[in-house]
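Reading through the structure tokens given below for one structure.
The values are calculated or read from the model by the stated rules, or taken from the named source; none is laboratory data. What you see is a predicted model, and the numbers here were worked out from it, not measured in a lab. Reconstructed Cβ throughout: ideal geometry from the backbone, glycine too, with neighbour counts over all protein chains shown. What goes into the accessible areas is simple: the full protein's heavy atoms, side chains included, and nothing from ligands, DNA or RNA. Shrake-Rupley method; radii C 1.70, N 1.55, O 1.52, S 1.80 Å.
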Amino acid sequence: MTTPRTAFRTAAVLGATAALTLAGAGAASATTAENTVVGNTVSVTFTLEAGQLLGDACGALLAPTSAVPELTAAFANADNADGLQALLATLTKNDSLIVFPGDLGTPLVSLVPAVAPSRTVTATNVPSNVYALVSFCGSDDEPTIDAPLIVGNPAEALTGSLSGLGGDALGMLSSAMGGDEDGGMGGDPLGSLAGMMGGATE
């Protein structure tokens, strides 16, 4: 069983250069990424496009939604294999990120045509919260960011997400959603949460 906060070693990250070079960083991406959430387990499956002759190296991480602008800018500046390497080495030091474990202690899995054209990375026991899921490949010009991604129990996820906002954020949101003065949520809190996030409860 993997732990979601497993830190990947800088040396191992630097050892992923060959895979990133093989992918041809900066080329048009021909690798797709699909995510699934089951309870507190999040998985991302990377798949090479049919007929793709070059391999790729891909990875994923979960981040607080507030970190999306910073991460987007950081990945935009990592426009080649060396830049992505340096960025991944930096991210190892950020305890607020949940990095999906890859091959041999790195945050990356290698995709090889006709051998391993599809690979899945998984984080288990992810704390219930609202996250941004960042998936990236060496062939990408920019990462794919899916947000908001609710993981685990929706009520616990909402509470966890609000805990870092400061002030009486939970009380204010509870009031806005028809709750009482003690922070209890009346009516249909799950429906209200889904509505706020543009989703549905069914």
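Net charge around V44, counting only other residues with Cβ within less than 12 Å of its Cβ (Lys, Arg = +1; Asp, Glu = -1)?
Net charge in that neighbourhood comes out at -1.
Here the spin labels are modelled as points 7 Å beyond Cα on the Cα-Cβ line, and at D141 and S66 they lie 3.2 nm apart.
As a test of reading the structure, rank S128, S118 by solvent-accessible area (1.4 Å probe, protein chains only), most first.
On the way: S128 25, S118 60 Å².
If we order S128, S118 from most to least accessible, we get S118, S128.
Between L104 and T36, what FRET efficiency comes out of the Förster formula 1/(1 + (r/R0)^6) with R0 = 25 Å and r the beta carbon distance, rounded to 0.05? Efficiency, from the Cβ-Cβ distance: 0.55.
The alpha carbons of the range 63-121 give a radius of gyration and a Dmax of 13.1, 39 Å, in that order.
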